[in-house]
């Protein structure tokens with residue numbers, strides 16, 4: 001999960017959101033899983049998830 005998210009960390013804007021939303025849907029990822037591993041995420045990955053509005057997709 002972290003590796004895939006890190007791969008997306010170099011992408012920005014609409015393309016990033018599109019790929020992350022697809023990833024969340026395919027993997028059926030929810031916030032309970034993300035919350036467990038959140039401290040392990042590199043700062044920029046967490047920032048992309050939070051600032052990109054993806055937290056709403058996970059809850």
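The values are calculated or read from the model by the stated rules, or taken from the named source; none is laboratory data. Owing to the predicted nature of the structure, the values given are computational and were not obtained by experimental measurement. All Cβ positions, even for glycine, are placed from backbone atoms using ideal geometry, and neighbour counts span all protein chains on display.
Couple of notes before you dig in:
- Hits in the stretch 26-55 (condition: more than 17 Å from residue 11 (Cβ to Cβ), under 11 Å from the mean Cα position of the chain (by Cα) and in a helix (DSSP H, G or I)): 31, 34, 38, 55
- Test for residue 7: is it surrounded by 10 or more Cβ atoms within 10 Å (Cβ to Cβ) and modelled with pLDDT of 75 or more: no
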